[in-house]
Amino acid sequence: MGNGLHRNKHSVKKIFENMPLSGKIVLIVIGGILIPFLIISIIVFGNIYENTMASQNMLRRVNLGNAVSSVDSMMADYEDAAEGVYDYENFLKNATAAEKISAETVNIDSSVNMMLSDIRGSRQYIAGVSFIFTDGTYVINTSGYGKFEEIVNDTRQNLDAIMEEMNGARQPASWRISMGERIEKDGNAVFFSGRKAIRNIYDKNELIGMIVVYFSTLSFDKVKALENYNEHSILAILDKDYHLIWTSTDAAPVFELLEEKKNEISVDNPAKFSQYKNYYFICQDSDYSGWHFINMIPKAEVNRQTDSFIWFFMIVVGMIVFCCVLCMQLVRRSVVYPIRRMIVVMEEIDDLNKIKVALPVNQNDEIGCLYKTYNRLNERIDMLVSQLTEAMAQDKEKEIKLLHSQLNPHFIYNTLECISWVAYEHQVPEVSKVVNCLSEILKYSIKFSDNQVTFGTELEMLKNYIYIQHFRFEDKFSISYEVDQSLLQYKTIKFTFQPFVENALVHGFKDRSRDCKILIRLYEEKGDIITEIEDNGCGMDEMSLNHVLKMNTEGIGIGNINKSLQLRFGVNYHIEIESAPGRGTKVRMRIPK
């Protein structure tokens, strides 16, 4: 696994190293700047979004808490109005004097009615007040906020529940919607009621009855904390049984929420909004009345601030991407393109005539310094090439002059021609032929001063040399050829064959007087031209072979030919000699085609 990981890292490194400079710049900008920025931006935006949602949630919960507190204060105020019964001392004392208190025994002078009227008038929006005695009789006083028949009907229908609650354990005031006035989907309840048991403080706190106060829902419209809820936010107030009491706007979304998610309404997670369709909602219960308060906020309203962050984030990302693209283009124009221009100019320098091409220096940065250095290098190379060319010309001229000074070739040619003519006149054609061959070899050695000739020319000169040697050794040796005629047009260095044939005659056949054979081969192998000179002479041992290859002479030696091959064509092109004592010698030479 470790080796595989190392190989993967190595391959990735290789890919990056072999990538063009433009690709590296793009990769660095994207991988080193853009992607980290996007990741950081997403993380920051996520935190901002979470914090914004949490602050929005907290603000909405604070407002909802204020609404709950305000409604509880209003309800407590109405409860204080109901407890106004205790301010009527005569009523309580009459209840103590009576053997059995009822509507008939205490209402002879309408004192109860007057008391209820005073209680009803002590607060705004009280629709009516009922007092139910322990025997089930009751007295009712109403106002213009509610219909008398509805209040009487509600008291009559709930009488059993009221009597059960009256005779039960002591408890605070209870609040409920009027039985006949359930909210519809197009409006709020007309009124709701709160009831509280009344005990005689002058007679051992004995139970007297229960007072029921009916409030109009108009009272909610005057609560300041509820005025913040408009069409952008729905506030719904429900009783303990999730019956809708009041809503700030349209009640339809509240009914839909109650139908689908009534069992999921919770206040357990105050840090997050709950979601329903296109709304977020939060809930809070009143510890005083037990009512449920639900605030439904359209998602668009909550997300308005986060949407601004999203647009800001997108604008910033777009600007960063634009800046990255712009930076990449600037880098390409100021770095990549000048380097490519230099590469093109350098690739065009394929001969000495184009080395004077200079690059225009239009900038003073590192690229400009590189251009200046390149131009100075070109000038230096051009100067050195000129000096080298001039020196080579001078050396060549000196060499020619030296040869001329030592021996005038024309004099030698003329002398040899005279000898050849005299031999021919005296009917000695063999001598004439030998002299002609010697003359051709001399011309060959002087004429081709560039040291490069074709294989065809080299073989012709070899045949002249062999004719001279046949004249010398008569029938001591024979020579055969295996030559690919299509290779004769290609060039090689001078004296490719002659030194090796000479070594065979002088050294290889020194102990033999007949049946000496030499084989000349010329063929192509793997794009190279191979020459072989093989003899059946006495051969050499390994020490003699090394001595022959390393020996330096002033003339045309095997060591000099081997060195010349390597200098001209490279270390892969050299002379190979296969030889063993008594088994002859094979010289193999490789030249690029």
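The values are calculated or read from the model by the stated rules, or taken from the named source; none is laboratory data. From a predicted model like this one, the values you see are computed outputs, not experimental measurements. Cβ coordinates were reconstructed from backbone atoms using ideal geometry, including for glycine residues, and neighbour counts include every protein chain displayed. All accessible areas refer to the heavy atoms of the entire protein, side chains included, with ligands and DNA or RNA removed. Shrake-Rupley method; radii C 1.70, N 1.55, O 1.52, S 1.80 Å.
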Inset, instruction - Have a look at LYS563, LYS491 and point out the one that is basic (Lys, Arg) and closer than 19 Å to LYS463 by Cα. - result: LYS491
Inset, instruction - Report yes if ILE201 is surrounded by 17 or more Cβ atoms within 10 Å (Cβ to Cβ) and in contact with a helix residue (DSSP H, G or I) (Cβ under 9 Å, 6 or more places away or on another chain), otherwise no. - result: no
Inset, instruction - Look at region 270-280 and say how many of its residues are modelled with pLDDT of 80 or more and in contact with a strand residue (DSSP E or B) (Cβ under 7 Å, 6 or more places away or on another chain). - result: 4
Inset, instruction - Please state which one of VAL254, VAL302, VAL267 is at pLDDT below 80, among the aliphatic types (A, V, I, L, M), part of a helix (DSSP H, G or I) and surrounded by 11 or more Cβ atoms within 10 Å (Cβ to Cβ). - result: VAL302
Inset, instruction - Name the single residue, out of those in region 567-593 being of a type outside the set (D, E, K, R) and open to solvent by 50 Å² or more (accessible area, probe 1.4 Å), that is farthest from the chain's Cα centre (by Cα). - result: GLY582
Inset, instruction - Kindly establish whether LYS463 is within 28 Å of ARG583 (Cβ to Cβ) and either touching a Leu at 6+ places or on another chain (Cβ under 9 Å) or without any contact (Cβ under 8 Å) to a residue 24 or more places away in the chain (or both). - result: yes
Inset, instruction - Given the conditions (1) at pLDDT below 80; (2) under 60 Å from the mean Cα position of the chain (by Cα), report the number of the one that ASP475 does not fulfil. - result: (2)
Legend entry - The one condition in (1) under 57 Å from the mean Cα position of the chain (by Cα); (2) in a strand (DSSP E or B); (3) more than 19 Å from ALA76 (Cβ to Cβ) that TRP246 fails to fulfil: (3)
Legend entry - Near pairs, Cβ below 6 angstrom, 6+ apart or cross-chain, from region 570-587 (touching a residue at least 24 places away in the same chain (Cβ under 8 Å)) to any residue that is aromatic (Phe, Trp, Tyr): VAL587/PHE500
Legend entry - Failed item, numbered, when PRO338 is tested on (1) at pLDDT 80 or above; (2) over 17 Å from VAL71 (Cβ atoms); (3) crowded, with 18+ Cβ neighbours inside 10 Å; (4) not β-branched (Val, Ile, Thr): (1)
Legend entry - Filtered residue count, region 271-299, keeping only those that are in contact with a Lys or Arg (Cβ under 7 Å, 6 or more places away or on another chain) and exposed (fewer than 15 other Cβ atoms within 10 Å of the Cβ): 2
Inset, instruction - Just give me the residues in region 199-229 being in a helix (DSSP H, G or I), farther than 16 Å from SER73 by Cβ and not aliphatic (A, V, I, L, M), in sequence order. - result: THR217
Inset, instruction - Give just the number: which of (1) within 17 Å of TYR49 (Cα to Cα); (2) touching a residue at least 12 places away in the same chain (Cβ under 8 Å) does ASN303 not satisfy? - result: (2)
Inset, instruction - Return only the number of the condition from (1) open to solvent by less than 30 Å² (accessible area, probe 1.4 Å); (2) more than 22 Å from SER122 (Cα to Cα); (3) part of a helix (DSSP H, G or I); (4) modelled with pLDDT under 90 that ALA81 does not satisfy. - result: (2)
Inset, instruction - Starting from residues that are polar (S, T, N, Q) and open to solvent by less than 60 Å² (accessible area, probe 1.4 Å), keep the ones in region 435-449 and report whichever is modelled with the highest pLDDT. - result: SER439
Inset, instruction - Please verify whether region 144-155 includes one or more residues that are modelled with pLDDT under 85, assigned to a strand (DSSP E or B) and crowded, with 19+ Cβ neighbours inside 10 Å. - result: no
Inset, instruction - Specify which of the listed residues (ILE320, ILE367) is part of a helix (DSSP H, G or I), at pLDDT below 75 and touching a helix residue (DSSP H, G or I) at 6+ places or on another chain (Cβ under 7 Å). - result: ILE367
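Among the candidates VAL213, VAL223, which residue alone is among the β-branched types (Val, Ile, Thr), under 30 Å from VAL85 (Cβ atoms) and surrounded by fewer than 20 Cβ atoms within 10 Å (Cβ to Cβ)? Show your work before the answer.
Working: VAL213 fails: surrounded by fewer than 20 Cβ atoms within 10 Å (Cβ to Cβ).
One residue alone meets the criteria, VAL223.
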Inset, instruction - Could you please tell me which pairs satisfy a Cβ distance under 9 Å, a separation of 6+ or placement on different chains, a first residue in region 375-387 that is under 25 Å from ILE339 (Cβ atoms), and a second residue that is among the polar types (S, T, N, Q) and in a helix (DSSP H, G or I)? - result: none
Inset, instruction - Please state which one of VAL44, VAL62, VAL26 is within 18 Å of LEU326 (Cβ to Cβ), open to solvent by 50 Å² or more (accessible area, probe 1.4 Å), part of a helix (DSSP H, G or I) and among the aliphatic types (A, V, I, L, M). - result: VAL26
Inset, instruction - For residues that are hydrophobic (A, V, I, L, M, F, W, C) and either open to solvent by 30 Å² or more (accessible area, probe 1.4 Å) or outside any strand (DSSP E or B) (or both), scanning just region 477-489, find the one that is farthest from ASN572 (Cα to Cα). - result: ILE479
Legend entry - Residues of region 27-57 satisfying the condition of being in contact (Cβ under 8 Å) with a residue 12 or more places away in the chain and within 30 Å of MET296 (Cα to Cα): PHE45, ILE48, TYR49, THR52, MET53, ALA54, GLN56, ASN57
Legend entry - helices (runs of 4 or more DSSP H) within region 490-593 that include 3 or more residues more than 20 Å from ILE479 (Cα to Cα): 542-550, 558-569
Inset, instruction - Could you pull out the residue among TYR242, TYR276, TYR288 that is of a type in the set (Phe, Trp, Tyr) and more than 27 Å from LYS222 (Cα to Cα)? - result: TYR276
Legend entry - Pair list, Cβ < 9 Å and 6+ apart or interchain, from region 154-177 residues that are farther than 16 Å from ILE208 by Cα to residues that are open to solvent by 40 Å² or more (accessible area, probe 1.4 Å) and of a type in the set (Gly, Ala, Ser): ASP154/GLY180; GLN157/GLY180
